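This report concerns only the one structure given below.
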Amino acid sequence: MTRVRRAAAAAALTVPLLLATGCGIATTGVVESGRAGTVKLATAPDPGLLYFIAPDGALVPVPVSDRMQRPDIGFTIGVLLEGPGEAAREAGLTTEIPVREIRSADGTGYARAAVKSDSDGKTLRVVLPIPVEPLSGAALRQLACTALAAAHTSPAPEILLIGTESRERPAVCETRPGTAADQQG
């Protein structure tokens, strides 16, 4: 048994010594090996963004539901005019756009906005099915940010909102309250 005890003692001393020496492998620096690998992801088309008002007054982008893909600007604005969906309401998001006034004339659904872009692309006119005169600064910001997100153009065009009273109001996409856009309301 003494031979077994000696072997066990030798093994018990040898293992920590091997671990302490690092097995004789020297450290190396960073080895350059070329470009990083890339991966192509299969993604769904951009669903568009609607902007609603958070409890602190900031605008929050909300993806449009999956019922539409690559929506046009007029349809996206029409969805915004419906107000926040159930999930957005549960998250505390609201709107200052008067939802009750935007039903289509025949009462079958919500009217969509008509959108006209100047030939130079510098101005985007959004013709709304509601008056623009009473809209607050936050409502103007909601409409401007949603239109710009749906437009997918660079540089961003000037946004002019045209209401049922044929009045034009400029709108600026600014996501925080207390900005120049709020003073328009």
Distance in nm between pseudo-label sites at ARG5 and ALA156 (7 Å out along the Cβ direction from Cα)
8.3 nm
Calc'd 3J(HN,Hα), the range 52-59, phi into Karplus 6.51 cos²θ - 1.76 cosθ + 1.60 (θ = phi - 60°), Hz, glycine/Pro = x, comes to 10, 9, 7, x, 7, x, 6, 7
May I ask you to list the residues of the range 150-164 whose amide nitrogen lies under 11 Å from a point 7 Å from Cα along the Cα→beta-carbon direction of LYS122?
158
List, in order, the whole-Hz ³J(HN,Hα) value for each residue of the range 160-169 obtained from phi through the Karplus relation with A = 6.51, B = -1.76, C = 1.60 and θ = phi - 60°; use x for Gly and Pro.
10, 9, 10, x, 5, 8, 6, 8, 9, 10
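No lab work stands behind these numbers, since they all come straight from the coordinates. Just so it is clear, the structure is predicted and the values come from calculations on it, not from any experiment. Glycine gets a Cβ as well: all are built from the backbone with ideal geometry, and neighbour counts include every protein chain shown.
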